[in-house]
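Some notes on the structure that comes next.
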Amino acid sequence: MGLKNRLAYGFTQKIVSIDKEVLLKILVACLVALPLIVFVLYPLFHILGRSFQTPDGIGLSNYFSVLGSKRFLGLVYNSFAVTLVTTGLTVFLAFIFAFSIQRTNIPLKNLFRLITLVPLFAPSLVQAQGLLLLLGRNGLINRTLGTDFSIYGYWGIVISSVLYVFPYAFLIFSASLAMADNRLYESSRILGAGPWRTFITVTLPSTRFALMASTFVAFTLVITDFGNPMVIGGDYSVLATEVYNQVIGQANFELGTVIGMVLLLPVALAVAVEKYFNKNHQDQLSEHAKPMVVQPHKLRDAVFTIYSVLICLCILAVVGIVIFASFTHLWPYRMDLSLRHYAFDVQNGIQPLWNSIYVGFMAAGIGIVAVGLAAYITERFKTFLDSPLYFLCIVPAAVPGMVLGLGYILAFNNPSNPVYAIYGSLLLIAICNVYYYHAQGFLIASTSMKQISSTYDEASATLGGTFIRTIRKVTLPIMWPTLVGVAVFFFMRSMVTLSAVIFLITPSSQVAAVSVLLLEDRGAVNQAAAFSVCIMGVVVAFLLLARLVLNYFGYRNISLIR
Amino acid sequence: MSLEIRNINKSFGRIKAVDNVSLAIDNGTLVCFLGPSGCGKTTLLRVISGLELPDSGAILVNSQNMSTVPARNRNFGMVFQSYSLFPNMTIAANVAYGLECRKWSRADISQRVNNMLSLVHLEDQSHKFPHQLSGGQQQRVALARALAPKPSVLLLDEPLSALDAKVREELREEIKTLQRNLNITTIMVTHDQEEALTMADRIMVMKDGKVMQTGSPMDIYHRPENPFVAQFIGRMNIVPAGIGIPFSSNGDSKGARAKILGIRPENIKLSDDPASNGELTGIVDRISRLGNLTRFKISLPNKNGLGPVTVVSEVQGSSHDLQVGTPKVLKINPETVRVLEWG
């Protein structure tokens with residue numbers, strides 16, 4: 001070989017990539033990371049800053065005055081008393097319910113399953129709303145039986161919270177119990193183990209990750225929930241309601257932010273622990289696994305049928321009474337039926353419902369792009385930005401909605417900030433919803449991205465396709481059903497969420513879920529119920545539409561309810 | 001096009017997947033990278049394709065350095081083990097994909113697609129979607145798709161391993177014929193020695209990221225250079241030289257003494273004649289009748305403190321009335337014995 005050649009190529013030449021496409025990829029990754037920084041990290045940073053701001057400059061005095069106060073210790077105690085008891089109860093009840101759906105031969109499984117998921121379509125305080133209509137002072141029970149007991153307070157919060165988290169825990173258990181290797185169960189039986197021993201040695205170990213995941217999800221949802229305790233808590237305050245009272249009631253941002261920080265801590269910890277354990281665990285079966293065959297057992301099926309009916313009755317009662325109340329003339333004094341509450345003869349009329357729908361559509365649109373791109377980048381780009389971006393994408397899971405909303409006020413209610421231009425608009429509410437639910441949306445998209453073989457991208461590249469062409473011609477046409485799922489997810493959550501948006505609404509940008517809270521708060525029970533029913537109606541209609549579109553194109557196995 | 005790879009290195013974390021591999025491939029040659037799973041053959045192919053960047057080294061096509069050229073601009077065709085046909089496109093659209101990337105005119109594309117599909121005998125399937133085709137048909141489409149843009153080099157990543165045995169054999173013939181007719185420089189990765197022996201002009205055997213031996217199929221089979229190649233390609237008895245099997249020294253002893261020898265089972269004949277000088281006698285330990293051939297396991301007496309050694313002999317046919325325990329003389333032509341290790 002000639003010297004010239006040798007100089008030109010070298011024998012052990014170091015590779016320096018000068019591909020323009022790599023630069024473009026890095027640019028796109030930065031473009032996706034930027035809004036996450038602006039709409040998640042920046043507000044959080046502001047909260048942190050504000051919590052240290054005192055009349056005498058930067059200091060810890062806010063923390064001292066909050067953490068040292070007896071009232072605060074009481075709030076922490078209350079929050080944990082509610083959260084731990086609720087979490088324990090929910091995990092226990094939901095596990096048994098999921099077991100009866102997946103591992104027994106009870107009838108009407110699909111119906112039971114559907115009923116369990118109904119509360120997900122309703123504003124996140126519908127449980128407290130329904131519980132009050134049933135068991136409150138003016139509730140159906142007290143009125144009919146002439147008794148006078150009160151559901152306000154601790155047990156009211158616990159019961160409504162259990163109902164609130166139940167579907168989430170159920171979905172996790174159901175997915176985990178649906179996966180089973182029948183060979184293990186056959187081996188267990190052949191070795192002479194009874195059903196109880198099989199349950200302890202085979203079923204329980206294989207669901208331990210679901211057990212952990214649902215515990216952490218329940219914990220996070222309950223400790224950050226603010227709608228239910230607000231409505232049914234009475235004098236029993238928890239951390240989440242206190243943030244609202246400090247900020248909205250007393251305009252005390254400093255104390256609000258300190259409590260927000262306190263709330264952030266256990267949630268962030270729970271999410272971190274959950275992610276840590278999840279990382280080292282793949283919930284997958286070997287390809288030789290045989291599908292589960294449920295053995296016939298009459299007594300077991302009878303017991304589980306009764307259990308499932310009872311659970312479904314509780315859920316239906318709470319949602320059903322809200323629907324019923326919306327049609328009564330004046331609850332609880334005139335129970336004759338009337339449609340007058342659907343005239344929405346309240347301030348702003350029906351506008352909040354339209355606002356919710358706009359926000360839902362905007363969140364769905366923005367969400368698809370944000371989450372779809374983020375998933376594509378982290379799964380396919382193979383640049384050094386993959387893991388930092390992945391981390392940014394799931395950070396919102398650790399941020400309570402109220403804390404994020406509060407951060408938005410502090411960060412963006414400031415004319416010198418460019419985002420101020422959309423402050424108080426529906427657009428900012430939609431953006432807030434997208435980034436509040438970013439982690440879950442991102443995980444839906446990236447899970448589906450993982451299932452699409454990366455050799456499609458590689459085939460496209462070796463055939464001469466740029467990554468833009470690959471996305472347009474290959475990835476998107478394969479991915480779109482999942483993206484419809486992502487859109488439904490963002491739309492649904494935007495319609496029903498309360499906590500993140502509660503700080504962002506103005507009279508003109510009020511959303512329906514907040515209307516329910518405010519109407520409930522001032523005793524307009526019937527109108528509040530009518531709003532809840534409308535929200536459910538819109539969500540169900542949107543779900544059906546999405547289902548219809550997907551079925552039409554032959555994608556029956558895309559799950560829409562998460 | 002001739003292809004040359006020089007001193008390619010590629011590590012994943014601490015694992016060295018490709019360890020300083022060099023190879024020159026002449027125009028129109030089909031080279032097989034052969035080795036067990038995890039030997040680095042697929043990684044090397046991906047480095048050549050541009051899907052993976054090497055840590056160091058160079059890839060040259062007609063003496064032109066391609067190392068920093070991204071995969072999409074290398075003009076290499078690639079066929080994957082999993083077919084990887086785009087599920088959302090028809091067969092015709094799949095084949096047209098690379099041509100659209102190259103901005104061919106619509107008329108040219110349609111003509112080329114027809115030509116390519118008739119080349120792989122699928123002209124009547126062009127409107128179907130991949131999932132409507134059998135595995136063998138899908139892989140032929142993948143082949144047509146890779147060849148359509150007239151690539152300078154064809155890369156095949158275990159193209160036959162996902163297929164049934166019968167289809168595999170058919171497609172093996174078809175790929176070889178196509179490759180020869182188009183005279184296209186081709187690299188095929190496989191772990192199947194039979195595939196490599198029947199299809200390749202040259203074989204590069206790899207293990208742990210390193211090249212164990214490169215040569216023609218018959219070279220590799222008859223003249224393995226080390227115990228790994230000897231055992232990976234076909235069956236070979238590996239015995240210590242001290243046991244006393246006659247051999248004619250092959251190649252570069254460099255004054256060293258032979259340490260390990262290799263003999264193919266078919267080159268050990270069993271005889272009842274008395275042992276002449278240097279011939280070994282062993283006891284038949286086990287007999288396996290495989291129909292077209294019979295396999296004997298022979299144990300040789302302990303010699304020079306090397307412990308008991310067993311060798312395998314294979315004889316055509318199954319009509320041997322040998323009994324276990326019979327002593328036999330081993331007839332071995334020294335020319336068929338390979339020295340695999342010098343010490």
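The values are calculated or read from the model by the stated rules, or taken from the named source; none is laboratory data. Model, not experiment: these values are computed from the prediction. Positions of Cβ are generated from backbone atoms using ideal geometry, with glycine treated the same way; all protein chains shown enter the neighbour counts.
Of note:
- Residue under evaluation A:Val22, criteria (1) more than 30 Å from A:Thr466 (Cβ to Cβ); (2) at pLDDT 80 or above; (3) within 10 Å of chain B (Cβ to nearest Cβ), criterion not met: (1)
- Hey, A:Ala180 in contact (Cβ under 8 Å) with a residue 12 or more places away in the chain and assigned to a loop (DSSP other than H, G, I, E, B) or not: yes
- Leading residue by the ranking (farthest from the other protein chains (Cβ to nearest Cβ)) among those in segment A:425-479 that are touching a helix residue (DSSP H, G or I) at 6+ places or on another chain (Cβ under 8 Å) and not in a helix (DSSP H, G or I): A:Ser425
- Of the residues examined, B:Gln138 is one that is among the polar types (S, T, N, Q) and crowded, with 18+ Cβ neighbours inside 10 Å.
- Criterion (surrounded by 18 or more Cβ atoms within 10 Å (Cβ to Cβ), more than 29 Å from A:Phe489 (Cα to Cα) and at pLDDT below 90) met by exactly one of A:Ser188, A:Ser150, A:Ser124: A:Ser188
- Spans of helices (runs of 4 or more DSSP H) in segment A:48-167 with at least 1 residues touching a residue at least 60 places away in the same chain (Cβ under 8 Å) and under 27 Å from the mean Cα position of the chain (by Cα): A:70-103, A:109-117, A:126-135
- The single condition from (1) surrounded by 13 or more Cβ atoms within 10 Å (Cβ to Cβ); (2) among the charged types (D, E, K, R); (3) in contact with a Ser or Thr (Cβ under 7 Å, 6 or more places away or on another chain) that B:Arg289 fails is (1).
- Scanning segment B:32-52 for residues that are at the interface with chain A (Cβ under 10 Å from one of its Cβ atoms) and in contact with a helix residue (DSSP H, G or I) (Cβ under 7 Å, 6 or more places away or on another chain) yields a count of 4.
- Some residue of segment B:28-47 being surrounded by fewer than 22 Cβ atoms within 10 Å (Cβ to Cβ) and more than 21 Å from B:Asp192 (Cα to Cα): yes
- Top-ranked residue of segment B:130-183 - restricted to ones that are in a loop (DSSP other than H, G, I, E, B) and over 25 Å from B:Ser37 (Cα atoms), ranked as nearest to the other protein chains (Cβ to nearest Cβ): B:Pro149
- Residue satisfying all of: in segment B:99-111; among the charged types (D, E, K, R) and within 10 Å of another protein chain (Cβ to nearest Cβ); farthest from B:Gln179 (Cα to Cα) among these: B:Lys103
- Given (1) surrounded by 16 or more Cβ atoms within 10 Å (Cβ to Cβ); (2) not charged (D, E, K, R); (3) not in a strand (DSSP E or B), index of the condition B:Thr198 fails: (1)
- Listing of helices (runs of 4 or more DSSP H) fully contained in segment A:209-315 that carry 1 or more residues being in contact with a strand residue (DSSP E or B) (Cβ under 9 Å, 6 or more places away or on another chain): A:253-279
- A single entry from A:Ile259, A:Ile232 fulfils the requirement of being crowded, with 22+ Cβ neighbours inside 10 Å and under 22 Å from A:Gly130 (Cα atoms): A:Ile232.
- Taking the numbered list (1) more than 9 Å from chain A (Cβ to nearest Cβ); (2) in contact with a strand residue (DSSP E or B) (Cβ under 8 Å, 6 or more places away or on another chain); (3) among the hydrophobic types (A, V, I, L, M, F, W, C) in turn, B:Ala96 passes all entries but (2).
- Every residue from segment B:54-66 that is at the interface with chain A (Cβ under 7 Å from one of its Cβ atoms) and either free of Cβ contacts under 8 Å to residues at least 24 places away in the same chain or in contact with a Gly (Cβ under 8 Å, 6 or more places away or on another chain) (or both): B:Ala58, B:Asn65
- Just one of the listed residues (A:Ala445, A:Ala513, A:Ala461) is over 30 Å from A:Ile422 (Cα atoms) and surrounded by 24 or more Cβ atoms within 10 Å (Cβ to Cβ), and it is A:Ala461.
- Output for segment A:24-60, where each listed residue is in contact with a strand residue (DSSP E or B) (Cβ under 9 Å, 6 or more places away or on another chain) and buried (at least 17 other Cβ atoms within 10 Å of the Cβ): A:Phe52
- Near pairs, Cβ below 6 angstrom, 6+ apart or cross-chain, from segment B:67-93 (more than 7 Å from chain A (Cβ to nearest Cβ)) to any residue that is part of a helix (DSSP H, G or I) and of a type in the set (Val, Ile, Thr): B:Leu85/B:Val141; B:Ile91/B:Val141; B:Ala92/B:Val113
- Within segment A:371-389, the residues that satisfy the criterion of being in a helix (DSSP H, G or I) and of a type in the set (Phe, Trp, Tyr) are A:Tyr376, A:Phe381.
- Filter result (farther than 18 Å from B:Phe80 by Cβ and touching a Pro at 6+ places or on another chain (Cβ under 9 Å)) within segment B:153-197: B:Ala196, B:Leu197
- Matching residues in segment A:186-206 - criterion: being of a type outside the set (A, V, I, L, M) and under 17 Å from A:Ser100 (Cα atoms): A:Pro195, A:Trp196, A:Thr198, A:Phe199, A:Thr203, A:Ser206
- Scanning segment B:45-87 for residues that are touching a strand residue (DSSP E or B) at 6+ places or on another chain (Cβ under 7 Å), farther than 25 Å from B:Leu163 by Cα and assigned to a strand (DSSP E or B) gives B:Ser56, B:Gly57, B:Ala58, B:Ile59, B:Leu60, B:Val61, B:Asn65.
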